[in-house]
Amino acid sequence: MLPLAQSKLHFFSLLSSWGYPMSNSVISTVRTIPESAAPETLQPIIRAERIEKYYAQPSQNRIQVISPTDLSIVPGEILALLGPSGSGKSTMLRMLSGLSRPSAGQVYWHGRPIAESAINVSIVFQSFALFPWLTVQENVEAPLRARGLDADERRERSLRMLDTVGLDGFEAAYPKELSGGMRQRVGFARALVVEPEVLFMDEPFSALDVLTAENLRSELLELWSRKTMPTKAVFLVTHNIEEAVLLADRIIVLGRNPGHIRTDFRVQLAHPRDRKSEPFTQLVDYIYKVLTRPEVAPLAAPDQSTGKPPRDQRQMHYQMLPHARPGGVAGLLELLIDKGGKDDIYRLADDLAFEIDDLLPIVDAAQLLGFLIVEEGDAAITPSGTAFANSEILRQKELFRAAALEHVLLLRQIRRALETKNDHTVPEEFFLDMLDEQFSEDESLRQVETAVNWGRYAELFDFDAARRRFILPEEPEPAVPIEDAE
Amino acid sequence: MKRNFRPLASSLVMTSTWPVFIDAGVAACGLAIFFTIVHMGAYWMQAPIPVVPISHSIRALPAYAAYSVVRIAIAYLLSLVFAISYGYLAAYNPRVEAWMIAALDILQSIPVLSFLPPVVLAMVALIPGHQLGIELGVILLIFTGQVWNLAFSFYTSLKTIPREMLEAASIFRYSAWQRFWQLEMPYATIGLVWNSIVSVAGGWFALIACEMFTMGDRSFQLPGLGSYLQTAASSGDVRALFFGIATVILIVVATDQLLWRPLIAWSDKFKFEQVESDERIVSPILELLRRSPILQSAPRRIWTSIEEPIFRRFAAAHRNEPTHPLDENISREPSLRLWILAVAVAAAVGWGAWQGLLLLRGISWADLRLLLAGAAATFLRVNASLLISALWTIPVGVAIGFNPRLARFVQPVAQILASVPATAFFPILLIGLVKLGGGLGIGSVALMLLGTQWYILFNVIAGAMSIPSDLREAASLYKFTRWQRWTTLILPGIFPYLITGMVTASGGAWNASVFAEYSHLGNRTLSTIGLGAQIDAATDRGQFPLLLLATILISLMVVSMNRLVWRRLYRLAETRFKLDA
Ligand SMILES: Nc1ncnc2c1ncn2[C@@H]1O[C@H](COP(=O)(O)OP(=O)(O)OP(=O)(O)O)[C@@H](O)[C@H]1O
Ligand SMILES: [Mg+2]
């Protein structure tokens, strides 16, 4: 997840350049945001005035899907729309983008009714909605062709766009030859190539696997923050709370039956946003509560100023140890070698008859140890992973030990502490305290449990469960990492 | 990736790498087309000769084949254009949509052959003084046999385009032109290709039956394969008959290999699926075409230079238009003009229907009773032929389907057999029946079988192949008895396919009845009691009221069978017996 780290810096600097107050003093209000909360001088690009939507029902008269609602999209913000299934998020997006006419009320585009304006917006769809009979390049060129550009300019712009989204070299492929993540990249390229003023996205990441989604999200943030696209606002529909808090400058939560705005607040966490930080989890909890208690009027969003300043990127902190057993990692790597060294994670889960949620920790563990890399939902084995999987059991332990000491901070610290102390034992609590700073109490316990698991396997240390202490094994192994097999 | 941007004019000459025989072939095709056009033109424009003498010589066969092929081709092209326009209008005009689709359903169920006399008479009257009149009558008839399923296929495709694709087209501001070529046509292509195969097969069926017929005191006989087969049969010339049938089969196989297979293989790229499937139909012809650079690049370049300006103009024309909401409310009050139009159409239709009913007054009770008895007989015959087909095709089809290697070979053959017009074999069967002394009563069932069983066979094969192998393994693992295997696995598994095949076969059998129950052989007339025979007899004697009533009856029966039986079974198949989720 390197790209995320890189993009965070860009995003950080740009946010301040837009004139957002970076101090954490503004407190959000519920339901209505005074227009002044948004940066003044900014006229909304799209403004909805008491829009409603009914659908005709054959049996009853009609059902109301959206009750009268006001909403504006102003320049410079990523606006996330959250809500339970069927609350009318997609309906709202379609009305704001001019695809669907409100049953009552009016949508304005720069102050003029949207039905009379030539608007410039794009949509990224959950199902990608690419044309399977067109190549990647033709798909991206199609909107330009609709605008009457000539062939040379179309080609030039679409190739540049494909390059931007990282699809250089795939222009002649057909969408069905690509992985889901790459298809959605084409979706982004097609949406961005027309340089839309507002980019609409309807659950753009929810058809993708977790890792691919994470990658795409961070790349999107990077594009947005570097201003490589002239897009002025982003409207994101999602049902993923973390995704909303991670990306959005403003979050609106819709309620159901009929759809209405339950809360509307700014997210003032500075980028890069740390999923583990207090204000982040508080916001997530807050939204979760709003969503799960539809009958209770929501409180104000939590004050986001109590949070510590964003963690220094150079400061060491613990990686989250995935709860996987070393044996599982070895098994996965062996399977991967059988598959020619590379395979789709979902297919692997299928072959193993695993739930994807059970496989992911193993994949993460192998990735953390440098035994494999994950790209676009494919797991590919690394040379050290190959060496590990092909070795006999003792050698495997050595290699695992080397990898663990090199890549896993917690194991390294435990080992070092044990070596430094005279009696070669350290109480569990010592590490729990350090972990508690970063994880919840339960998670810290699980982290230690996993560390014990790994440490025992690698014969780095042992654990005395009765006294809850780490101990150095009888015959101390050399602490220096053993050289990696070529 | 290396791209070549070569200028249009110079490049083709410079890069001549294709073999000479392709050049020669292209030139030969050009010449042949030119000759055919000139020849057909002269023939059409000559004074009308209702009964063109038909030679028995085998040397005359190529010319007759050419006449028939041109008739089919013209009828098919007309059908395609009509079907696309009809489907488009129906799909995008909610006001008339329900009417247009109901009309399609009924028109599809009416046996075309009973329209022969009025259609030909009308065309002859419309284009007097030219052979073209008679010809167009026949072509129109073939057209009516081909067009409905094409129109329905195109309409269905338009209605099933995923909503997000339409939204993408709309939000990216496609012009109607671009939407048609980049979304609607590609989406509909696969359906159109498969339905074209069925249509053209239906076209051959009708063509062979209607190139030669009598109507009251007037006879018509056009040069073509159908007339050739019928005259050969009448004079008992078995050799000529044999060669005639061989020619028909040759044409069908050639069409399959040279046209349909390449088209199917090509249309694979329009498949709307997320993953690449590994099963593909391969076509050597298409591969050859794909490998020939001139056939690859020249048409594309010419096409580009034509379409670019068109796209540009359409784009410019709607540049500053707002996005069209997809759920635009159409239920606004219809304008006065529309009301007047609707009332006028209703009045005209009402008057016409009344006149038609008045025609029926002349029918006696005796005639009516005969017609009803005939209807019952034909009904029994159609269903008997379906039953017999099902009885033999289900075991055979399942056996073939469970053996993939056999299936790969038999499936296309069954498909070709289904495309061979059964009407071509009727004369031979007739001669056999007369020799054996059997009557048409049983004989006509055999004739229906000839045309219909193949549809069921290849659908059953497809159904058996679609039964997942893990289910079959489970069945053998749990040691199912043969009876259990059939009732719990095989029959439910093939049910949807079986129904699809039976619906098509039933339509074919009704159509065949018109031809099978009544026949001239030389100067003898063979016939049996049945609605089809009565339609033919009425045509022969020019009794339009009887013809009308018989047609109404037959249509009523087909439509109600479809509504009451097939559609329900089909729905059952869709809901209960669908194997894939
Ligand atoms: N064309 C339609 N006709 C009738 N009802 C509709 C139509 N489109 C949507 N609805 C109804 O409107 C409601 C809101 O739908 P919408 O798709 O906007 O919800 P959503 O919040 O996007 O849900 P999801 O999270 O499942 O995507 C749903 O109850 C749905 O059944
Ligand atoms: Mg939705």
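The values are calculated or read from the model by the stated rules, or taken from the named source; none is laboratory data. Nothing here was measured: the structure is a model prediction, and the numbers come from that model. Counting neighbours? That spans all protein chains shown, and the Cβs are built from the backbone with ideal geometry, glycine included. The accessibility values were calculated without ligands, DNA or RNA, using every heavy atom of the protein model including side chains. Shrake-Rupley method; radii C 1.70, N 1.55, O 1.52, S 1.80 Å.
Taken together, the residues in segment B:44-93 that are assigned to a helix (DSSP H, G or I) and open to solvent by less than 70 Å² (accessible area, probe 1.4 Å) amount to 28.
Of all residues in segment A:108-121, count the ones that are assigned to a loop (DSSP other than H, G, I, E, B), open to solvent by less than 30 Å² (accessible area, probe 1.4 Å) and among the aliphatic types (A, V, I, L, M).
Within segment A:108-121, the subset assigned to a loop (DSSP other than H, G, I, E, B) is A:110-111, A:117-120.
Applying the additional criterion that residues be open to solvent by less than 30 Å² (accessible area, probe 1.4 Å) yields A:117, A:119.
Those still in the list that are among the aliphatic types (A, V, I, L, M) too: A:119.
Counting residues in segment A:108-121 that are assigned to a loop (DSSP other than H, G, I, E, B), open to solvent by less than 30 Å² (accessible area, probe 1.4 Å) and among the aliphatic types (A, V, I, L, M) gives 1.
Taking segment A:73-107 as the range and being open to solvent by 20 Å² or more (accessible area, probe 1.4 Å) and more than 8 Å from ligand 1 (Cβ to nearest atom) as the test, the residues that pass are A:Pro75, A:Arg101, A:Pro102, A:Ser103, A:Ala104, A:Gly105, A:Gln106.
Taking every residue in segment A:337-350 that is open to solvent by less than 70 Å² (accessible area, probe 1.4 Å) and pairing it with any residue that is hydrophobic (A, V, I, L, M, F, W, C) and in a helix (DSSP H, G or I), at least 6 positions away or on another chain, the pairs with Cβ-Cβ distances below 7 Å are A:Ile337/A:Ala389; A:Asp343/A:Leu336; A:Ile345/A:Leu359; A:Ile345/A:Val363; A:Leu348/A:Leu335; A:Leu348/A:Leu359; A:Ala349/A:Ile356; A:Ala349/A:Leu359. Looking only at residues in segment A:363-400 that are polar (S, T, N, Q) and assigned to a helix (DSSP H, G or I), which one is least open to solvent (accessible area, probe 1.4 Å)? So, considering only residues that are polar (S, T, N, Q) and assigned to a helix (DSSP H, G or I), the one least open to solvent (accessible area, probe 1.4 Å) is A:Gln396.
Going by the conditions given, is A:Ala80 part of a strand (DSSP E or B) and within 16 Å of ligand 2 (Cβ to nearest atom)? It would help to see each step written out before you state the result.
Working: part of a strand (DSSP E or B): yes; within 16 Å of ligand 2 (Cβ to nearest atom): yes.
Yes; evaluated as a whole, the condition is true for this residue.
Of the residues making up segment A:61-72, just one is within 16 Å of ligand 2 (Cβ to nearest atom) and open to solvent by 20 Å² or more (accessible area, probe 1.4 Å), namely A:Val65.
Let's see how each residue does on (1) more than 22 Å from A:Gly259 (Cβ to Cβ); (2) among the hydroxyl-bearing types (Ser, Thr, Tyr):
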| site | (1), (2) |
| --- | --- |
| A:Pro84 | no, no |
| A:Gly88 | no, no |
| A:Gly98 | no, no |
| A:Ala115 | no, no |
| A:Phe128 | yes, no |
| A:Glu153 | yes, no |
| A:Ser158 | yes, yes |
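Out of B:Met465, B:Met502, B:Met448, one residue alone is part of a helix (DSSP H, G or I) and at pLDDT 85 or above. It is B:Met502. Taking the options A:Gly255, A:Gly259, name whichever one is within 16 Å of ligand 2 (Cβ to nearest atom) and surrounded by fewer than 21 Cβ atoms within 10 Å (Cβ to Cβ). That would be A:Gly255, the only listed residue that is within 16 Å of ligand 2 (Cβ to nearest atom) and surrounded by fewer than 21 Cβ atoms within 10 Å (Cβ to Cβ).
Yes or no, residue by residue, for (1) closer than 19 Å to B:Tyr174 by Cβ; (2) within 14 Å of chain A (Cβ to nearest Cβ); (3) modelled with pLDDT of 80 or more:
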residue	(1), (2), (3)
B:Ile245	no, no, yes
B:Lys271	no, yes, no
B:Val282	no, no, no
B:Ser292	no, no, no
B:Thr304	yes, yes, no
B:Glu321	yes, yes, no
B:Asn329	no, yes, no
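So which residues in segment A:223-244 are away from ligand 2 (no atom under 16 Å from the Cβ) and either modelled with pLDDT of 90 or more or open to solvent by 30 Å² or more (accessible area, probe 1.4 Å) (or both)? Across segment A:223-244, the qualifying residues are A:Arg226, A:Lys227, A:Thr228, A:Pro230, A:Lys232, A:Ala233, A:Val234, A:Glu242. Elements of the type helices (runs of 4 or more DSSP H) sitting completely within segment B:128-206 and holding at least 1 residues that are open to solvent by less than 20 Å² (accessible area, probe 1.4 Å) and in contact with an Asp or Glu (Cβ under 8 Å, 6 or more places away or on another chain): these cover B:131-160. Does segment A:98-116 contain any residue that is of a type outside the set (Phe, Trp, Tyr) and within 16 Å of ligand 2 (Cβ to nearest atom)? Looking through segment A:98-116, at least one residue is of a type outside the set (Phe, Trp, Tyr) and within 16 Å of ligand 2 (Cβ to nearest atom).
Only residues that are assigned to a loop (DSSP other than H, G, I, E, B) and either more than 8 Å from every other protein chain (Cβ to nearest Cβ) or in contact (Cβ under 8 Å) with a residue 24 or more places away in the chain (or both) were counted in segment A:150-170, giving 5.
For segment A:44-63, which positions are within 9 Å of ligand 1 (Cβ to nearest atom), in a strand (DSSP E or B) and more than 14 Å from chain B (Cβ to nearest Cβ)? Passing the criteria: only A:Ile63.
Here is a list: A:Gly331, A:Gly307. Which entry is small (Gly, Ala, Ser), modelled with pLDDT under 85 and more than 16 Å from ligand 1 (Cβ to nearest atom)? If you could, list the steps in order and put the result at the bottom.
Numbers: A:Gly331 fails: modelled with pLDDT under 85.
Unique residue meeting the criteria: A:Gly307.
Could you check, for segment A:189-204, whether at least one of its residues is away from ligand 2 (no atom under 16 Å from the Cβ) and without any contact (Cβ under 8 Å) to a residue 12 or more places away in the chain? Scanning segment A:189-204, I find no residue that is away from ligand 2 (no atom under 16 Å from the Cβ) and without any contact (Cβ under 8 Å) to a residue 12 or more places away in the chain, so the answer is no. Of everything in segment A:110-132 that is in contact with a Ser or Thr (Cβ under 9 Å, 6 or more places away or on another chain) and at pLDDT 90 or above, the residue that is nearest to the other protein chains (Cβ to nearest Cβ) is A:Ile123. Among the residues of segment B:150-201, the ones that are within 14 Å of chain A (Cβ to nearest Cβ) and aromatic (Phe, Trp, Tyr) come to 6 in all. Against the criterion of being away from ligand 1 (no atom under 14 Å from the Cβ), under 30 Å from the mean Cα position of the chain (by Cα), of a type outside the set (Ser, Thr, Tyr) and closer than 29 Å to A:Lys289 by Cα, A:Leu159 does not qualify.
Before we move on, is A:Val253 within 14 Å of another protein chain (Cβ to nearest Cβ) and within 16 Å of ligand 1 (Cβ to nearest atom)?
On the way: within 14 Å of another protein chain (Cβ to nearest Cβ): no; within 16 Å of ligand 1 (Cβ to nearest atom): yes.
Considered against the rule, which asks whether it is within 14 Å of another protein chain (Cβ to nearest Cβ) and within 16 Å of ligand 1 (Cβ to nearest atom), A:Val253 comes out as no.
Out of all the residues in segment B:66-76, is one or more assigned by TED's automatic domain parsing to the domain that holds B:Leu225 and either under 20 Å from B:Thr156 (Cα atoms) or at pLDDT below 85 (or both)? Yes; the residues of segment B:66-76 include at least one that is assigned by TED's automatic domain parsing to the domain that holds B:Leu225 and either under 20 Å from B:Thr156 (Cα atoms) or at pLDDT below 85 (or both). Those helices (runs of 4 or more DSSP H) of segment A:173-292 in which at least 3 residues are acidic (Asp, Glu), considering only elements entirely within it, cover A:210-226.
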